[in-house]
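Novice: Could you have a look at this structure, given as structure tokens, before my questions?
The values are calculated or read from the model by the stated rules, or taken from the named source; none is laboratory data. It should be emphasised that the depicted structure is a prediction, and the values quoted were computed from it without experimental measurement. No Cβ is skipped: glycine too gets one built from the backbone with ideal geometry, and neighbour counts run over all protein chains shown. Quick note on the areas: whole protein, heavy atoms, side chains included, nothing else; ligands and nucleic acids left out. Shrake-Rupley method; radii C 1.70, N 1.55, O 1.52, S 1.80 Å.
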Amino acid sequence: MSVHPVISAVTARIVERSRPYRSAYLQRLDEALGKGVHRGTLSCTNLAHGFAAFPANDKLALKEQRKPSVAIVSAYNDMLSAHQPFDRFPPIIREAVRAAGGVAQFAGGVPAMCDGVTQGQTGMELSLFSRDTIAMATAVALSHNMFDAALYLGVCDKIVPGLLIGALHFGHLPGVFVPAGPMTSGMSNPEKAKVRQLYAQGKVGRDELLEAESKSYHDAGTCTFYGTANSNQMLMEVMGLHLPGAAFITPNMPLRDALTAAAGKRAVEIGQRGEQFAPIGRVVDEKCIVNAVIALLATGGSTNHTLHLVAIAKAAGIVIDWTDFHELSSVIPLLTRIYPNGDADVNHFHAAGGTPFVIRELLDAGLLHEDVQTIMGKGLRAHCAEPQLREQNVVWQAPPQHSGDENVLRTAGAPFSADGGLRLLTGNLGRSVIKVSAVKPQHRLVEAPAIVFDSQAAFLKTYKAGLLDRDFVAVVRNQGPRANGMPELHSLTPALANLQDAGRHVALVTDGRMSGASGKVPAAIHVSPEVVAGGPLGLVRDGDVIRLDAEAGTLQALVPAAEWAARSQHVPELSANQTGMGRELFAMFRNTVSTAEEGGTSFALPPVIHANEKATV
């Protein structure tokens, strides 16, 4: 089936917009490939350092330079439940790669912070910038120039985008992403949310809250709601960077280990010495990026990817913006209801048919580009497959024809809604995004007086004082990447949800992030430009009537034009955001970061190739 005309048009626009940057990127990729297997260019001293600690047989293989060398880059730490399982992966990978005729080396680790731990805390101000730090750490790991391919071990919020950005800066190397899987289901998400709201109302204490949270987050594996971490895993599948169906197999299971071994084998097969060579910079092209946006929309995924996908694309010389997201959303049906857009968790979604079902439905409806390269070869259709374990080996079979639970997963012909639920808002307050897939239609238009806050702490203090029992729009400013690293404001969700449940018309407008768990309260987030960059949120005053209309796609301060033009810009006091908890070390990011719509990145697009330089290969 031919691809939908809107998808085709958006893709063509992205190709044309990106042409000079993508051409420059591909030229540099081809120049790197032209140098051959890179450890062959190392001096004897370099190479001796590179294999000094290896077992004799592996050392001989690297010395003779006849067998492929595979890098392992891991985000393992045992504080993050999602990354703790990676402790076991390197030995599995080394054995599998050795059996496939190669050698695997643990090339380096990257930092991995947990937004769940830092939520509402000062450490969250390092979260967005940790993505670029991870990309830099990935580059350090690969800079030894010893490798024919790489395996990237990561799951959570900034970690997978950071690993992929780093990998794309070594785009001549093939890469396979290796997930750890979600934890088994604990307390249901609706129960957990109810306890959080009761705690915000003062009706239960900290002991009851901690008990509920501990029953929710109780084991190794990623959190089971469909936030940024699990959105990452969905996107890696649709981008063709995972083995098919690998995302949502729980940790420490025989199938999980078999998939990890199979990933090591696949890295050998697609490596520079393999017969199915697939450099990651070629796999991640314009169609691949469009497919990622579509998968995000079709599953109601994390709003954080309106930053991360922009940054990932930029690393490959591809330019996308929120207009692209908005136009694609208008034609992409919502196929899933996973918390916070429903009651089910990702284990329930996986059991109902999971990612292979979603990919097949979208392909059959002409809503994905099938003609892409993946780690499995040509064509995305190869990723419409479920892994099974037979005699210790992974085999793949077709996903079920029918959903196992239509309350969680539906076909493209009978979706939960006709559009993807992610909207671009424009108006005199700037450009922002809103996720409406969990917002009931009656809450998608809010017109109410503004109450301005300069921090989430100020909002929560006012709420606890009982001063917010009314209709209002909370304008939480000075939360953008330049101001304080753009922390998630998810701690505001229970209070706002309580007010909405009590019949108040409330909304959030902010230049910060709301998180992958954006839920039932309308929230215009990532407002750009941010206040520190002169953004119009700095002109809002208490009492200004704000109109947020998610259906019409507008965000307006209903202030007479002359009065608006005469106002002076709010000058934020940011000294408290600049020191403590390591924040002074991240000043370089705050000083150079791009806008949210440009990905909130500290790095630039590839330099354009000019006429007097070598033409693109």
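Novice: If you average the C-alpha positions of segment 362-404 and of segment 306-360 separately, how far apart do those two centres end up, in angstrom?
Specialist: Computed from Cα coordinates, the inter-centre distance equals 17 Å.
Novice: Using Cα centres only, tell me the gap between segment 428-496 and segment 133-152 in whole Å.
Specialist: 39
Novice: Just add up the charged neighbours of residue 92: K/R +1, D/E -1, any other residue whose Cβ is under 10 Å from the Cβ of residue 92.
Specialist: Spelling it out: positives minus negatives among the neighbours equals +1.
Novice: Quick one: Debye curve from the C-alpha atoms of segment 338-380, no solvent, what's log10 I(q)/I(0) at q = 0.19, 0.24 Å⁻¹?
Specialist: Debye output, listed in q order: -0.69, -0.84.
Novice: With only alpha-carbon atoms counted, please give the Rg and Dmax of segment 488-536, in Å.
Specialist: Answer for segment 488-536, Rg first and Dmax second: 11.7, 36 Å.
Novice: Still on this structure, please answer the following. Could you pull out the trypsin sites (Lys or Arg not before Pro) across segment 48-101 that fall in loop regions by DSSP (anything but H, G, I, E, B) with no more than 13 other Cβ atoms inside 10 Å?
Specialist: Passing sites in segment 48-101 are 66.
Novice: Decide, for segment 1-112, between rounded, prolate and oblate: order the square roots of the alpha carbon gyration tensor eigenvalues as a ≥ b ≥ c, take rounded if a/c falls under 1.5, and otherwise choose prolate if a/b is larger than b/c, else oblate.
Specialist: Verdict is oblate for segment 1-112.
Novice: Something else: Where does segment 186-307 land on Rg/Rh, using Cα atoms and the Kirkwood Rh?
Specialist: 1.11
Novice: A further question on this structure: For segment 364-404, how big is the tail of P(r) above 14 Å, as a whole percent of Cα pairs?
Specialist: Distances greater than 14 Å cover 60 percent of the Cα pairs.
Novice: Now a separate question. So, counting K/R as plus one and D/E as minus one, what does the shell of residues with Cβ under 10 Å around residue 374 add up to?
Specialist: +1
Novice: How much net charge surrounds residue 601 when only the other residues with a Cβ under 13 Å from the Cβ of residue 601 are counted, with Lys and Arg +1 and Asp and Glu -1?
Specialist: Summing Lys/Arg as +1 and Asp/Glu as -1 gives +2.
Novice: Starting from segment 164-231, pick out the trypsin sites (Lys or Arg not before Pro) whose DSSP state is loop and whose Cβ has at most 13 other Cβ atoms within 10 Å.
Specialist: 203
Novice: Explain nothing, just the number: dipole magnitude of the chain about its Cα centre with +1 on each Lys and Arg Cβ and -1 on each Asp and Glu Cβ, in debye rounded to the nearest 20.
Specialist: 880
Novice: Only helical DSSP H runs with n ≥ 4 go in: add -39500 (n - 2.57) per run for the chain, normalise by residue count and round the 222 nm mean residue ellipticity to 500 deg cm²/dmol.
Specialist: Computed ellipticity for the chain at 222 nm equals -11000 deg cm²/dmol.
Novice: Still on this structure, please answer the following. Give, to the nearest whole percent, the P(r) tail of the chain beyond 47 angstrom, counting all Cα pairs.
Specialist: 12
Novice: Within segment 429-517, report the trypsin sites (Lys or Arg not before Pro) that DSSP leaves as loop and that have at most 14 other Cβ atoms within 10 Å.
Specialist: Counting only loop positions with at most 14 other Cβ atoms within 10 Å, the trypsin sites (Lys or Arg not before Pro) in segment 429-517 are 470.
Novice: Would you work out what percent of the accessible area of the chain, with all protein chains in place, is carbon or sulfur (probe 1.4 Å)?
Specialist: Within the chain, the accessible surface is 54 percent carbon and sulfur.
Novice: Tell me the per residue accessible area of the chain using a 1.4 Å probe; a whole number in Å² is fine.
Specialist: 37
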